[in-house]
Amino acid sequence: MAFPIRAIRPYRSRRLGVLFAFFASLTAAITFIIAKPVLAVLDPLTFGFLQFLFSSLFAFLWIVFRKELHLIRTLRPGLLLYLLLQTLLTFIGLYTLWVGIFLMEPTSASLLSRLEVPITVLLGIVFLGDRFTGREALGGILISLGVIILKYHAPPSLSQGFWWIVASSICFGLLEVLAKKKIEEVPPTLFLFVRNPIVTLLLGGFGFIGLSFGPETSGFLVLPENPTKWILLTAATGLTGSFLARILYLYSLVHIEVSKTAIINQTQPLIVAVLSLVFLTIYPTSRDLASAVLILAGCGLLVLRRLNRQ
């Protein structure tokens, strides 16, 4: 997932940037694996609320550790409004992603989340006047074929989660386009310090609104017996996903170009597939493998084209 935060320092260590980008992809993949069993027990709103509650704590501790609390004074009204818009899109994108993970296997969900790449390219053409090249057309065709293979005669779980992942990809595509339109410099620690508590409030607000219509119709904050295990696993996703994956991604941008980070990010479905096999004993199907080849090849063409433009 690409987030619209620009580096505040010139590129310094490309090797370090590559490591940051790889571990961002790894921690995001770990989040998929942990979230799958937790979402079988917790309502997505409850999961998201608790995840970002813990992640807000991690972001606060990090900004204190970095001694960067003074950066809050740099938030001008226009920039704060911009961050609030990004936060709202992040909230919608993450919630729809969690529902998709709940409904389908992690590998399929991770593959479909790569739709963010062609959606970003299309939005760039519509809103930014980017040119559409033959290479991008070929990349779009490969991705479309991969999605068709993944969805053809798919189990009901994948069909049910398909549009949730598409909605999530649209949100994150919009985030990247906003990054191009709005040139602002925000340190990663400050972005997470502002974003995470607001997302927590949004998730909690929607959850309590659901409760107001009747507790029997809402699963918000309904915890199983002996909830400690599930709360700790949710806290782990707050560390790996909402905190580490994001801040590692953002720090990678300090050292390498966003397109190179995006290329490395395409390894995420492969990591998810391996971790699913090892920890969840979920074997990738022939459909998953064929779809992965086409989707990742198509994303590679699109990202490489953007790299050439830079």
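The values are calculated or read from the model by the stated rules, or taken from the named source; none is laboratory data. Not measured: the values here are computed from a predicted model. Counting neighbours? That spans all protein chains shown, and the Cβs are built from the backbone with ideal geometry, glycine included.
Annotation note: of 89, 80, the sole residue that is under 14 Å from residue 191 (Cβ atoms), touching a Phe, Trp or Tyr at 6+ places or on another chain (Cβ under 9 Å) and surrounded by fewer than 22 Cβ atoms within 10 Å (Cβ to Cβ) is 89.
Looking at 123, 175, 145, just one residue is under 17 Å from the mean Cα position of the chain (by Cα) and either at pLDDT 75 or above or farther than 18 Å from residue 31 by Cα (or both), and that residue is 175. When 269, 284, 224 are checked against the criterion of being modelled with pLDDT under 85 and assigned to a loop (DSSP other than H, G, I, E, B), 284 stands alone in meeting it.
So, in the stretch 189-232, how many residues would count as being of a type in the set (Phe, Trp, Tyr) and either within 18 Å of residue 41 (Cα to Cα) or touching a Pro at 6+ places or on another chain (Cβ under 7 Å) (or both)? Qualifying residue count, the stretch 189-232: 2.
Let's see how each residue does on (1) at pLDDT 90 or above; (2) crowded, with 24+ Cβ neighbours inside 10 Å; (3) hydrophobic (A, V, I, L, M, F, W, C); (4) on the phi < 0 side of the Ramachandran plot:
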residue	(1), (2), (3), (4)
20	no, no, yes, yes
48	yes, yes, no, yes
57	yes, no, yes, yes
75	no, no, yes, yes
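Of note, residue 52 satisfies the criterion of being aromatic (Phe, Trp, Tyr), assigned to a helix (DSSP H, G or I), within 22 Å of residue 173 (Cα to Cα) and within 18 Å of the chain's Cα centre (by Cα).
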